[in-house]
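The values are calculated or read from the model by the stated rules, or taken from the named source; none is laboratory data. Just so it is clear, the model here is predicted, and its values are computed rather than measured. Neighbour counts are summed over all protein chains in view; Cβ atoms, including those assigned to glycine, are modelled from backbone coordinates with ideal geometry. For accessibility, only protein heavy atoms count, side chains too; no ligands or nucleic acids. Shrake-Rupley method; radii C 1.70, N 1.55, O 1.52, S 1.80 Å.
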Amino acid sequence: MKKILLFFCILFFVNNAFSQVSNIVEQTWYLRSIVIDDTWHYVPYRETILLNFEGENPNYTANTYAIENTFTANAGFNTDMLSLSAIQVSSTSCTATNCDFENLYFYEFLSNQALDDKTFTFFYYTYSNGRKTLRLIDSNGNRPYFTDQALPEIDEALFQTWYLHSMDYDLGGTDFIADFDPPISPNITINPDLSFTGFGSCNEFSGVFDFTEYPNDGPMLVPRNFETPGNTCQFHYGFENFYFTHFEYIEPLRYQVGENLSTGEAFFSFEKYPGFIFYFLNYPVLSVPDSEKNSFSVYPNPAQDKLFIQSTMDNFSISIKDINGRTVFSEENLNSKEIDISNLTSGMYFISITTSQGNITKKFLKN
């Protein structure tokens, strides 16, 4: 009886392994990240790196295109092992901006400078939502992470200046920036190239985000190259230290972003640790009171040659910025509520209306 059970267990294991190999070979895999010596490296923004297998059991080939070059090899599967042999790279040189990532992928993980054969342990997994993942692990514990879908497009609403309004603490309630005394205005500006700048309590900061996504976690921003002068703040030093720890380490921030197209108001939030959430809006805490926000409207939206401002208030100033943060129009103490935008190129813009009570930022499209 024991021999029969052992036979069926072996048969199940072999069939399961063969099924996994079949699923791996039939799928196009998108590289998300590589861990080398316990350091995470994410696929550079706007780059797509694919891994494909071709052929029939047991004679497969592996093909992966990185930044400029293609890596090809004979591939062999044996239970949970993948072996690469007869390795070739289309060129020994790479001159593009992100070639350091290609070199890491080709010559520090998949093989080495001599293109020697290499063997990995593979792990294939299907989530309950149907998404698939593939990991390869070498003898040193280095590993890339692949998934079955390309990265989604980033919502362009992300690319603007965000002002921190509140912070949630796990089982600890909420802190509101409006309650800080003396007042502060922590903020972060995220640019279309994913570089970012900002301000805490008394220090400026800057860095760059990587963009990634995991099947069960959604989109994430991963900070790197964080820099700040490191001045000791006279007030709210503890807050700034806590705020900055979210950007100092290469760890993912799970984020959400959204906007109201009719008003131009938008929100952004991120979470590094479960339950610790930072909430941002696209206008400062010391802004026009909520009761007076509807006293301004900008129309038409989209606009072509003229932009009109409807307001119950007088004596306000206007500035218009493009999505890169460049000021393309400004005027103090605007006399007319009509703005000529015919010289602006088509695209998205942000108009800030400033009064003695604060300011409001709204978004509009120029056709």
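What the table below lists for this structure:
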{"read-out": "C-alpha long axis of helix 2-26 to longest principal axis of the chain, angle in °", "value": "50 degrees"}
{"read-out": "Those aspartates and glutamates that a straight Cα-Cα span of less than 17 Å connects to Lys306, excepting residues fewer than 8 apart in one chain", "value": "Asp322, Glu331, Glu338, Asp340"}
{"read-out": "Label-to-label distance, nm, for residues given as Phe242 and Asn225 (7 Å Cα→Cβ offset)", "value": "3.0 nm"}
{"read-out": "Efficiency of FRET from Cβ geometry, Leu261 and Arg46, R₀ 25 Å, rounded to 0.05", "value": "0.50"}
{"read-out": "Estimated inter-spin distance, Asp100 and Cys233, nm [label 7 Å along Cα→Cβ]", "value": "3.0 nm"}
{"read-out": "Where labels lie 7 Å past Cα in the beta-carbon direction, separation of Val208 and Ala86 in nm", "value": "3.8 nm"}
{"read-out": "Cβ-Cβ FRET estimate between Gln304 and Glu156, R0 fixed at 22 Å, reported to 0.05", "value": "0.65"}
{"read-out": "Full-extension gain in nm, Asn63 to Asn112, via 0.36 nm per residue minus C-alpha separation", "value": "16.0 nm"}
{"read-out": "Carbon + sulfur, % of accessible area of the chain - ligands and nucleic acids excluded, 1.4 Å", "value": "49 percent"}
{"read-out": "Crossing angle, helix 237-248 versus the chain [Cα axis fit, 0-90 degrees, rounded to tens]", "value": "40 degrees"}
